[in-house]
Amino acid sequence: QVQLVESGGGLVQPGGSLTLSCAGSGVTFSRYAMNWYRQAPGKERELVAGISVVGSTNYPDSVKGRFTISRDNAKSMVYLQMNALKPEDTAVYYCNARSLRLQEYWGQGTQVTVSS
């Protein structure tokens, strides 16, 4: 059974920071690219950070310089460090695992709300 569980979401003020965690189980974690997606009400789900099986990262311009994705394969964990948060970052954030053969698994999501 493959399972991804996110944690760390919550309410934060603009300019604040938050770290999301995703714990994987039932999977050979190192064989999967790991990604964070987010979805705000009425909007499409969008990729906010990705890290490949060899550790390369990618970010859209909207979060570049503010968000950092990292992984710890020994612990089957992936993290998203979010700094300088903006109200437009408010969304449900989802952890995603994608194999080289494009098998995918998703976490249940964790709410991030950026508001004063």
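Each row is one residue, and each column tells you yes or no for (1) hydrophobic (A, V, I, L, M, F, W, C); (2) touching a helix residue (DSSP H, G or I) at 6+ places or on another chain (Cβ under 6 Å); (3) surrounded by fewer than 18 Cβ atoms within 10 Å (Cβ to Cβ).
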residue	(1), (2), (3)
G15	no, no, yes
C22	yes, no, no
Y32	no, no, no
T110	no, no, no
*Can you name every residue in the range 69-102 that is open to solvent by 50 Å² or more (accessible area, probe 1.4 Å), assigned to a helix (DSSP H, G or I) and without any contact (Cβ under 8 Å) to a residue 60 or more places away in the chain?*
N73, A74, K75, E88
_Breaking point among (1) at pLDDT 95 or above; (2) farther than 30 Å from S116 by Cβ; (3) polar (S, T, N, Q); (4) in contact with a strand residue (DSSP E or B) (Cβ under 8 Å, 6 or more places away or on another chain), for T68_ = (2)
*Six or more apart or on different chains, Cβ under 9 Å: which pairs go from a residue in the range 1-15 that's under 11 Å from D89 (Cα atoms) to one that's among the basic types (K, R) and open to solvent by 100 Å² or more (accessible area, probe 1.4 Å)? Could you list them?*
none
*Pairs, please: C-beta under 8 Å, at least 6 apart or cross-chain, first residue within 19 Å of G10 (Cα to Cα) and in the range 21-50, second open to solvent by 60 Å² or more (accessible area, probe 1.4 Å) and in a loop (DSSP other than H, G, I, E, B)?*
Y37/R45; R38/R45; Q39/R45
*For the subset of the range 50-68 comprising residues that are part of a loop (DSSP other than H, G, I, E, B) and touching a Gly at 6+ places or on another chain (Cβ under 9 Å), which member is farthest from R31 (Cα to Cα)?*
Y59
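The values are calculated or read from the model by the stated rules, or taken from the named source; none is laboratory data. In this text, all values refer to a predicted model and were calculated from it rather than measured experimentally. Here Cβ is always computed from backbone atoms with ideal geometry, including for glycine, and neighbour counts include all displayed protein chains. All accessible areas refer to the heavy atoms of the entire protein, side chains included, with ligands and DNA or RNA removed. Shrake-Rupley method; radii C 1.70, N 1.55, O 1.52, S 1.80 Å.
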